[in-house]
Every structure is written in structure tokens, then in C-alpha cells.
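Written out below as C-alpha cells is the structure these notes cover.
What follows draws every value from the coordinates through simple rules; no lab data is involved. Please read these numbers as outputs of a predicted model, since none were measured by experiment. Cβ sites come from the backbone with ideal geometry, for glycine too, and all protein chains shown count toward neighbours.
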Amino acid sequence: MEKLAGVDYKSIPFFKDIKKDQWTDWKWQLKNTIKSIDEIKKIIKINKKKEDDLKKCLTKFRMSITPYYASLMKTDYKRCVIRLQAVPKIDELCDNKYDLTDPLHEDSDSPVPGLTHRYPDRVLFIVTHICSMYCRHCTRRRVVGAEDEHITERHIGKCISYIKEHKEIRDVLLSGGDPLTLSNNRLEQILIELRKIDHVEIIRIGSRMPVVLPFRITDQLVKMLKKYH
């Protein structure tokens, strides 16, 4: 983890008083995501027009950037690829008559809430609506970022029951939101139930944590995941 902590975050005044054990704590990072214009202005340079555009964007879409990922942004380069993925842009407010409420047709392929069964042998299993960062290119923005909430145990149970009943399902992709925002214990509970199902051969986890919050990949998490690979 030393290499991951190698970003010179203390060179950014906004982060200069953060201790290393805080910075490398994924839970601290989640609690201190960058969500306001005042905060982002202390990290990168934003001109008046960009600030006005950002205010407009935040009336419709939320912003949330982990301190780690924010520290990687180029201070005064507006085309910084990390900045483009993290900071809202005015283009996000463009409406088009061809826009769809459910562009991936997930609802029409959802036999139970939280589960998309489009291909015969695999399902997409939504276990949370929470992400560590709201990516500007997100394809599930209609449900992710509106409210910070995990999926209830009742809904998780219904999804697992459906998987049990459909023996053609061999591949389960855990998604969200980001499954790694769950605690190790909560994630393990889901993995345990899935591993009890004989016809489930593959369990995958869709996550951006290794990129936007690498401190989440702890020794404890790796050890736990190895038991269910």
C-alpha cells in the first residue's frame, strides 16, 4: 500500500493536514468525498464560467469524488482525463428527443427488482446504489447517485431466490453502484449465499474502487474474496 499512498496529496493545501493513516483509510475517504463547489475549487482551478456551469449541473446531478482521485487531477488543465471523469460538465444537461429513461433496457429484463436477466446463463445483480465516486460517464445514472442507499436484505433475498430457481444461470455479476462500498461482512454474506447454489460457477464483481479508491483493496478483503473465487 506504500506505492498507492505515493501521491503527494500534502502538496494540495486542502489536504495538507490529513494524516497518512486517514488518507489510506478507505472508510475515511468515503466519508470525505468532494461534493461541493467550494471544496473542488480548493483542489483545481475553475474559472467563473466553469463555476456557473457547475452550479447548474449540480441542480440536477450530484458530484462525489474521493480525495485520492481528486489529488490526481491536474490543477489547471481543463482537459485532464481524470478531471473529465470526475467533475460535472454543462454538456450533461443537454436533452435530446432520442434520450431514453432506461437506455440499457434493464427494467424490461428485470424479473425481480435489482436483477437483470438478459442472457440465459448470466445475471446482473445490483447489490447497492452507492458509489465511492459518481463517474460522469456512468450508464446507470438514473438509479445511482439519486440517493445514497444500499439494497435491502429483503430485495437481496428475492434476487438470490430467483438465481436458485433458474438452473441455467451459471454466471453472476455483482454490480451497483459499487459492491465494494459494502462492508466485508455484508459482501461476504452475499457471496456465501451465492456459493451455496450448485449451478453458479462464476461470481464477478464490477467495481471502480481499484482506480478511484485503491485503499479499499485491503489484505482482509483479498483474503475474504479468495475463499469464494
Exercise. Going down the table (LYS10/LYS60; LYS167/LYS223; LYS56/LYS78; LYS19/LYS55; LYS10/LYS56), which pairs top 22 Å between alpha carbons?
Worked result: LYS10/LYS60; LYS167/LYS223; LYS19/LYS55; LYS10/LYS56
For this session: Can you check what the net charge comes to around LEU173, using other residues whose Cβ is under 12 Å from the Cβ of LEU173 (Lys, Arg +1; Asp, Glu -1)?
Result: +2
Exercise. Stokes-Einstein at 25 °C, 0.890 mPa s, Kirkwood radius from Cα pairs: D for the chain in µm² s⁻¹?
Worked result: 128
Seminar exercise, completed: Residue by residue through region 167-173, the couplings from Karplus 6.51 cos²θ - 1.76 cosθ + 1.60 with θ = phi - 60°, in Hz, x for Gly and Pro, are 6, 6, 7, 10, 10, 10, 9
Problem set entry | Per-residue [θ]222 nm for the chain (sum of -39500 (n - 2.57) over DSSP H runs n ≥ 4, rounded to 500) | -8000 deg cm²/dmol
Exercise. Once amide H atoms are built 1.01 Å from N in the peptide plane, which residues 5 or more positions from THR128, or in another chain, come under 5 Å H to H?
Worked result: ILE151
Problem set entry | Whichever aspartates and glutamates have a C-alpha closer than 14 Å to that of LYS42, once near sequence neighbours (fewer than 8 apart) are set aside | ASP17, GLU51, ASP76
Problem set entry | HN-Hα J in Hz across region 23-30 - Karplus 6.51, -1.76, 1.60, θ = phi - 60°, x for Gly and Pro | 4, 8, 8, 5, 5, 5, 4, 5
